[in-house]
Each structure stands twice: as C-alpha cells, then as structure tokens.
1. What is the order of Met118, Met1, fewest Cβ neighbours within 10 Å to most?
2. I need the fraction of alpha carbon pairs in segment 1-70 separated by more than 20 Å, rounded to a whole percent.
3. Under 5 Å between amide hydrogens, which residues at least 5 positions from Cys35 or on another chain qualify, with H placed 1.01 Å from N in the peptide plane?
4. Output the peptides 93-105, 123-135, 48-60 sorted from most to least packed, where packing is the average of other Cβ atoms within 10 Å over each peptide's residues.
5. Counting only residues 5 or more places away or on other chains, whose amide H sits under 5 Å from the amide H of Leu113 once H atoms are built in the peptide plane?
6. Provide Thr119, Thr141 in ascending order of the number of other Cβ atoms located within 10 Å of each residue's Cβ, fewest first.
7. Report ³J(HN,Hα) in whole Hz for each residue of segment 60-70, in order, from the Karplus equation J = 6.51 cos²θ - 1.76 cosθ + 1.60 where θ = phi - 60°; Gly and Pro get x.
8. Taking the Cα-to-Cβ direction at Arg34 and at Gln70 and moving 7 Å from each Cα, how far apart do the two end points lie in nm?
Amino acid sequence: MRITLAHIGSRSATSGGYEALVRAYLDRCSSFARCQEQSFRTEQALLAWLSRQAGRTLPVTVFLDSRGRQMSSESLAAWLGERRDQGAQHIVFAAGPAGGWSDETRAQAQLLLSLGPMTLAHSLARLVIAEQIYRAFTILTGHPYHVGH
C-alpha cells in the first residue's frame, strides 16, 4: 500500500519546523506502507494528478475538511485497515486550499475527514494527520505506541 500526504499550496510552505515532524512520522510509517508527500498549486492540479495515478485500483481519496466526518484514532485505524483488506493500493490524504475545497472537489472524495471543529493551520493539520496515520498503523499491528486514551 502507498500513502500520499498531499496539500494545496506552495512548496515553500513545507520548509518550516512542522515539516521535519511530518517527515519523521511518514518515515515511521515506512515499515507499514510506502509514504510520500506531494504539493500542488491548485485543486485542479491535484485532481489531474489523481487521474493519472490509476493502477490496479483507483486511489482512495481522503480530503481534510472541517465539514467532514470526525473519527477517533481507533475508527481511523479500522477504516484504513478495511481499505487495506479490500486491496486499496494507494490512499491520498489531502489538505485543501486556504479557502477550503470547492463543492466539485468535495464530491469526488471517498472520505471527507474533519480533524475537529477548530480551524488549524495547514502545516499543523498535515502534522496531525501524519501522526494519526502512523498511530492507525500501530493500532492495526498491536504496536504499543497507542495505549488507547
């Protein structure tokens, strides 16, 4: 399985202190899945890239959106495990543009995921989802990282 953590915005936005932490969590995930980061200038560029990613299966798209579904760490792990068990080859978690996703793009997501009712800076949201992806894999494998509270 391959995981891509994508975002809409300039590549320079990935040069801050959060980026090292995001990379650290994605590196930790490497024993469970191939992980990569990708940045796009526009939603359209992301959608065009997604359309070129088809392998045996289409990528599963998870768009971070404040109006989306809130999940516990355990629920996200179960969701990720179900996708893995169904044979998903590629899951893309994406943070949208500063003004939020367009309705057309939101309609194309397999999952709209909210990290909570608070508004987060995109770099912080990327760090939170990177940690939660790692946590999900540790839950699925019984690793002691997640203690359940």
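Quick note: the coordinates plus some simple rules give every number you see, no bench work behind them. All of these numbers come straight from a predicted model, not from anything done at the bench. Note that each Cβ is placed from the backbone with ideal geometry, even for glycine, and that neighbours are counted across all protein chains shown.
1. Ascending number of Cβ neighbours within 10 Å: Met118, Met1.
2. That fraction is 40 percent.
3. Those lying under 5 Å, H to H, from Cys35 are Ile3.
4. 123-135, 93-105, 48-60
5. Phe63, Leu64, Asp65, Arg69
6. Thr119, Thr141
7. Calculated HN-Hα couplings, in order: 8, 9, 10, 9, 6, 7, 4, 8, x, 7, 8 Hz.
8. Taking the simple label geometry, Arg34 and Gln70 are separated by 3.6 nm.
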